[in-house]
Amino acid sequence: MHVPLLIIGGGLSGLAAALRTARFVPDVLLLEKHSRIGGLNSYYYRNNRLFETGLHAITNYAPPKVKNAPLNRLLRQLKIKRSELDLHEQNQSEIRFLGRESLLFSNNFSLLESQIADKFPASCQGFLKLKELIEQYDPFKPLPFISAKKILMEHLHDDLLTDMLLCPLMYYGSSIENDMDLGQFVIMFKAIFLEGMFRPGGTIKDLLDLLQKHYTDHGGSIRTQAGVQRILHSGNRIHGVLLSNGEEILCDHILSTIGSEETFALLDKVSGYKILPRLGFVETIFELKEDSTLKHSHDRTIIFFNSADRFSYQQPQTLVDFKSGVICMPQNFQNLPGVPFKEVRTTHLANYSEWQNLQKENNSYSSAKEETALSSLPVAEKILGNFAQNIVYHDTFTPLTIERYTSKINGAIYGNPIKIKNGDIGYDNLYLAGTDQGFLGIIGSMLSGVSIVNQHILPRL
Amino acid sequence: MTRNAIKDLILEIIEDIDEDADFDTLQADKPLRDQLDLDSMDFLDIVMELRKRHKLQIPEEDYPELATLDSCVNYLEPLLADA
């Protein structure tokens, strides 16, 4: 078998790249190791219902007429109509530093501006200057690391406000500890505060089905349970892949979306990149009785919280760091069509090696998962009021769960802290897209797939 | 293909990329991208559609030839002479 383009990894970046290419060159082949596509944003069934993984809210909301907005560019590139997605904007979200301060924000930026004017009057002018800087900054220009934290402090002169603004941006898209590169900060600030959050009316499965249908309608094919054992190459030239079942597939180009080290492993090569800590997370889904109500903050879409003196975004020494995290209520988007469930989802930073050590002892892994849910519950209840009595089902994912289903090293959802922005890892006809290319989130990862095939592969097919 | 037919082909491709594209004020000797608010990603669609519809393989170094409507017609006229 021979194909012009073979894509490794059926997550959103691989699917978008596959669909983009198949619009013009139909015989693209997408390989997914797992039995289901979606990668980090997928789903599973328990208790006769579908549970989403990954998706809390999609960032980068844009109204239809804003042509250059990432969402609209992506839809044009994939030739998907906006109406096919059925977009629902968030209600409002909150950054809550317990006992200190709270900031509300929504898809209308003036809410955050007025909150800052009220609560941090001394930083108000600085915040406007910061916004100007963000609007003018080109985040795609290759530059050495510039500390976003330092730039925020220079503008705001306030530790608390700096931490509060960084908290959501780090939780939704930083692979590095306790700071962000200014370029990544600008991308995330626009994605979350200036553009905003939304979700589709259906589930993530509907979105994946839609992408798959467009792709196969153009003539592309997908194989699941198709793990790649080796990428066949001589020197810097790729010829094809050897699958785990022994089958060889030849190709002219490869796009790998599985991560940089993960790709080098298939080339029998070590990257030589500096090894930095990879951030792991735990997430617990609490499913609540349909008719139950939450006492406080019941209409919030996402709450990013912190209860420590300074917000710390780093790998904890213990299994989980409950001092900060994200609470998501996926039913809280505007005009969602008949939501048949109510959920509270909590996410915290976790330590992969600690979880791995537990797995070696038989029962302690599952009891630690249970303890994580039990410890996360009062953290959420402190913000939302008691809801333990209304829980009908709960489930917890650890970094090991994510590693098992996505094959991401250490289950680190944001991948390697070192990003390869141009997708070039030193081969003539193999390029990298997805998490380790550096555009994060659902829209970001899809744009990553699209822009890397545009840049390196489509003109040469 | 006549020069007019080539012009229509390009406009049809652009309309397919962006159904809101406004051709009323389009100046044929000015860059398409600035006038129609197209980015480099949209621009690649023109190249790929020409390839899909007319089996034209346009090398990357020739992409600047497609900058304006006039230059598109000049560049494509010999290539589409038999189309």
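Quick look at the values:
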| quantity | calculated |
| --- | --- |
| All-pairs Cα distance distribution in the stretch A:260-306, expressed in whole percent, bin size 10 Å | 16, 28, 17, 17, 17, 5 |
| Helix-derived mean residue ellipticity, 222 nm - over the protein assembly as shown, DSSP H n ≥ 4, -39500 (n - 2.57), to 500 | -11000 deg cm²/dmol |
| Label zone at A:A388 (point 7 Å along Cα-to-Cβ), backbone N below 18 Å, the stretch A:279-294 | A:284-289, A:293-294 |
| Options A:I222, A:L210, A:G183, ranked by Cα towards positive dipole end of the stretch A:180-243, top entry (Cβ charges) | A:I222 |
| Mean Cβ count within 10 Å, highest first, over the residues of peptides B:53-65, A:38-50 | A:38-50, B:53-65 |
| Reachable lysines from A:K213, criterion Cα separation under 20 angstrom, eight or more residues apart if same chain | A:K33, A:K79, A:K81, A:K205 |
| Shielding of B:34-43 by partner chains, average beta-carbon count, 10 Å | 3 |
| Percentage of interatomic Cα-Cα distances in the stretch B:3-79 larger than 18 Å | 30 percent |
| Amide H within-cut-off set for A:L40, under 5 Å, with H built and near neighbours excluded | A:L12 |
| Cross-link partners of B:K30 among lysines (Cα-Cα below 18 Å; sequence separation of 8 or more within a chain) | B:K7 |
| The protein assembly as shown, dipole about Cα centre (Lys/Arg Cβ +1, Asp/Glu Cβ -1), debye to the nearest 20 | 1220 debye |
| Inverse mean reciprocal Cα-Cα distance (Kirkwood Rh) of the stretch A:174-220, Å | 13.6 Å |
| Cα long-axis angle, helix B:3-17 against chain B (0 to 90 degrees, to the nearest 10) | 50 degrees |
| Inter-chain Cβ neighbour average for residues B:45-54, partner chain, 10 Å | 3 |
| P(r), alpha carbons of the stretch A:342-439 - 10 Å bins starting at zero, rounded % | 13, 34, 27, 18, 7, 1 |
| Per DSSP, loop trypsin sites (Lys or Arg not before Pro) in the stretch A:62-146 with at most 14 further Cβ within 10 Å | A:K65, A:K79, A:K81, A:R100 |
| Ranked packing of B:14-25, A:186-197, most packed first, by mean Cβ within 10 Å | A:186-197, B:14-25 |
| Sparse-neighbour loop sites [GluC sites (Glu not before Pro); the stretch A:338-381; at most 10 other C-beta within 10 Å; DSSP] | A:E361 |
| Normalised per residue, the volume of the convex hull around the Cα set of the stretch A:1-91 (Å³) | 137 Å³ |
| Enclosed volume per residue, in Å³, of the convex hull spanned by Cα atoms of the stretch A:339-392 | 114 Å³ |
| Farthest positive-ward along chain A dipole, Cα basis, beta-carbon charges - from A:F281, A:P340, A:L243 | A:L243 |
| Bins of 5 Å from zero: percent of alpha-carbon pairs in the stretch A:280-406 | 2, 10, 20, 22, 18, 14, 9, 3, 1, 0 |
| Listed peptides A:250-261, A:7-18, A:394-405, A:429-440 by packing density, highest first (mean Cβ within 10 Å) | A:7-18, A:429-440, A:250-261, A:394-405 |
| Förster radius 41 Å - calculated FRET efficiency between A:K213 and B:L56 (Cβ-Cβ, nearest 0.05) | 0.90 |
| Hull-based mean projected area of the stretch A:239-322, where the convex hull spans the alpha carbons, in square nanometres | 11.7 nm² |
| Calculated diffusion of the stretch A:76-188, Stokes-Einstein form, Kirkwood radius summed over Cα pairs, 25 °C and 0.890 mPa s, µm²/s | 157 µm²/s |
| Check: the stretch A:91-195 dipole with +1 on Lys, Arg Cβ and -1 on Asp, Glu Cβ, in debye | 40 debye |
| Long-range lysine pairs (8 or more apart or interchain), the stretch A:349-461, Cα under 28 Å | 6 |
| Cα-based Rg and Dmax for chain A, where Dmax is the largest Cα-Cα distance (Å) | 21.6, 66 |
| Mean separation of Cα contacts under 8 Å (6+ apart) over length of the stretch A:108-206, as relative contact order % | 33 percent |
| Farthest toward positive dipole pole in the protein assembly as shown [+1 Lys/Arg, -1 Asp/Glu at C-beta], among A:I409, B:L76, A:N91 | A:I409 |
| Number of partner chain Cβ atoms within 10 Å, mean per residue of A:256-264 | 0 |
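Since every read-out is calculated from the coordinates, none of them should be taken as a lab result. In this text, all values refer to a predicted model and were calculated from it rather than measured experimentally. Every residue, glycine among them, receives a Cβ derived from its backbone with ideal geometry; neighbour counts consider all protein chains shown.
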